[in-house]
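Okay, so here's the structure we're looking at.
The values are calculated or read from the model by the stated rules, or taken from the named source; none is laboratory data. Since the structure is predicted, the reported quantities are computational estimates derived from the model, not experimental observations. Here the Cβ positions follow ideal geometry from the backbone for every residue, glycine too, while neighbour counts run over all protein chains shown. For the accessible areas, the whole protein counts, side chains as well, though only heavy atoms, and no ligand, DNA or RNA atoms are used. Shrake-Rupley method; radii C 1.70, N 1.55, O 1.52, S 1.80 Å.
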Amino acid sequence: MDVEVAIKTARQKRSDIKNIDNSIYNYKNTKYMLLKILFTISGFVAAILVNILFPQKADVEFKTYTLNLLNLKIGFNMNSAYIVVLIALILIYGTSGIISLFQKDRRKLYAKNAAFRFFLGIALAIWDIGGTKLQIFAQPFFPGPAQIIEAYIADGSYIVQNTLYSIRLYAAGFSCGVLLGVGTGILIGWFPKVYYWVFPVLKITGVVPAVAWMPFALTLLPTSFSAAVFLIVICAWFQIAFLTAQGIQSTPKQSYEAARVLGGGQINQIIHVAIPHAMPDIFTGIGSANAMAFTTLVMSEMLGQPGGLGYYINQSKVWSAYYKVLAAIVIMAVLFSFINFLIGLIRKRVLRWQQGVVKV
């Protein structure tokens, strides 16, 4: 008996020590979160130190720009602008970490992404050395981060103008594509005759890349803008319609029978049974169509639009200004991520019943 008690006591002590260790290295612990905040910003601090302390060996021209702030003229170059951006990132992530200390639901996410943010700062430091300080990367194709920031300083208003053009074009095409895709999917999924006549057309036209229709769109439609909208609509239509129809058709018959018993007619069954059941498939289609539509947007701007980020890339490529090309690509990445974020928020709101049921 004494041996059994001793064994149980040892196991209990081991369990207590393990729990203490877990509490120390857990996002719920304040000291642990403070270390994560320091770990996050230390990567960007390292990037600043590298930029200041590492000698400039390559022959790079640092143009001086003047900023008029409250009638006070401030001179700066692309290198100082790059340091300002790094300081801004430190302030943003540091403030976000401090806020997460008071919001338990944000602590875990912040702690999880700390390593990525740290290595992002280290990657910027390595990029700064290879692209600006030593220029060991192939030039002018891989300029340093400071040179990319110079594109925003030199062409700021022009980049904003082209970004707004892209947003307007994308919003017009993708919103119409979503409406057409969801509407077509509901008709195909619900009515057998519509499925018989329309679904084969959907399968044939859906696999053809949207850009292949560009010659017809430019010839038949009155403006290049409407032609690009048409291409984005075609691109989004197939994915959304196909998955919407699949969601409608997979609705259990028992759900329709229950609605029928409660007095629901055909319209009521479509709105209150079929569409809610198909919502996960609809959002899956919207998510996949979003990526394809964005690709079509850039390609259409490169091939025939008077504006947009794709047009700006084409223009910069002609003059071998690859730092401007990369600047436009960065904006595209941020813009696409933001659109995905908005779609995710809408999805989370509409499908809030899935929380705790479906693994995310």
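Quick notes
- Residue list for segment 40-71, restricted to those being polar (S, T, N, Q), surrounded by fewer than 10 Cβ atoms within 10 Å (Cβ to Cβ) and in a loop (DSSP other than H, G, I, E, B): ASN71
- So LEU231, is it in contact with an Asp or Glu (Cβ under 8 Å, 6 or more places away or on another chain), assigned to a helix (DSSP H, G or I) and buried (at least 16 other Cβ atoms within 10 Å of the Cβ): no
Per-residue answers, yes or no, for (1) over 24 Å from the mean Cα position of the chain (by Cα); (2) not small (Gly, Ala, Ser):
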{"site": "ASN71", "(1), (2)": "yes, yes"}
{"site": "TYR82", "(1), (2)": "no, yes"}
{"site": "ILE98", "(1), (2)": "yes, yes"}
{"site": "PHE118", "(1), (2)": "no, yes"}
{"site": "GLN139", "(1), (2)": "yes, yes"}
{"site": "GLY144", "(1), (2)": "no, no"}
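- Residue in segment 176-186 that is among the aliphatic types (A, V, I, L, M), over 22 Å from THR296 (Cα atoms) and either surrounded by 14 or more Cβ atoms within 10 Å (Cβ to Cβ) or modelled with pLDDT of 90 or more (or both) present: yes
- Enumeration of residues in segment 141-176 that are in contact with an Asp or Glu (Cβ under 7 Å, 6 or more places away or on another chain) and not in a helix (DSSP H, G or I): GLY144
- Of the residues in segment 60-74, none is within 11 Å of ILE37 (Cα to Cα), β-branched (Val, Ile, Thr) and either modelled with pLDDT of 85 or more or out of contact with any strand residue (DSSP E or B) (no Cβ under 9 Å at 6 or more places or on another chain) (or both).
- Total residues in segment 99-111, condition open to solvent by 70 Å² or more (accessible area, probe 1.4 Å) and in contact (Cβ under 8 Å) with a residue 60 or more places away in the chain: 2
- Among residues of segment 209-220 that are farther than 14 Å from MET299 by Cα, none has a Cβ under 7 angstrom from a residue that is among the basic types (Lys, Arg) and not in a helix (DSSP H, G or I) at a sequence gap of 6+ or on a separate chain.
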